[in-house]
């Protein structure tokens, strides 16, 4: 079983991102379960969402305490919340940031890092700070666990219609293309 934990701030779409990813993984023949986590429920407050997937039925519905992958939708959140709590050795971190890897505090347990200036892209595409679909593209580029095409189907089946869907399709594509994938130590992956 592969487990992911999304971290964001209220209003950035972390819970919706987990739902879209679950639909996309299902589209590709996997079994997926998205689990929202609601705390303060106010714009700007730290929020998290969880997703696990496998090739066989999943009975577990708990929060994820030892994720294989962390997806952080906000560049400031790692200073406020321990997003790496419980991450498994050899884990993956997908981070919204324009900083290079050598300016980030990467824990020893993280082996692969995907970096994307999701806020810059969101301002360009949406005129706001909603980074969720951009970061789904970054996740696809960093991990290869889901295709961009499946993410587009997931968006269509979950939440988006017409012009909003077109912008989010563009967001996934641009997030995918703009992501720099690094091994810890700062070397770009081939």
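Report the Rg/Rh value for region 12-72, based on alpha-carbon coordinates and the Kirkwood definition of Rh.
0.98
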Among 121, 165, 51, which one shows the highest mean-square fluctuation when the chain is modelled as a Gaussian network with alpha-carbon springs under 10 Å? 165
For the chain, set up a Gaussian network in which alpha carbons nearer than 10 Å are linked by springs, and say which option among 99, 167, 56 fluctuates the most. 56
Contact order normalised by residue count of the chain, Cα under 8 Å, 6+ apart, percent: 22 percent
Based on the Cα gyration tensor of the chain, what are the three equivalent ellipsoid semi-axes, each the root of five times an eigenvalue, rounded to whole Å and given largest first? 21, 20, 17
Of 111, 155, 135, which has the largest mean-square fluctuation in a 10 Å C-alpha GNM of the chain? 111
So if I restrict to the alpha-carbon atoms in region 88-190, what is the Rg, and what is Dmax, the biggest pairwise distance, in Å? 13.9, 43
P(r) of region 29-103 over all Cα-Cα pairs, 5 Å bins starting at 0, rounded to whole percent, reads 3, 13, 21, 25, 19, 10, 7, 2, 0
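Quick note: the coordinates plus some simple rules give every number you see, no bench work behind them. On a predicted model such as this, the values are computed, not experimentally measured, just so you know.
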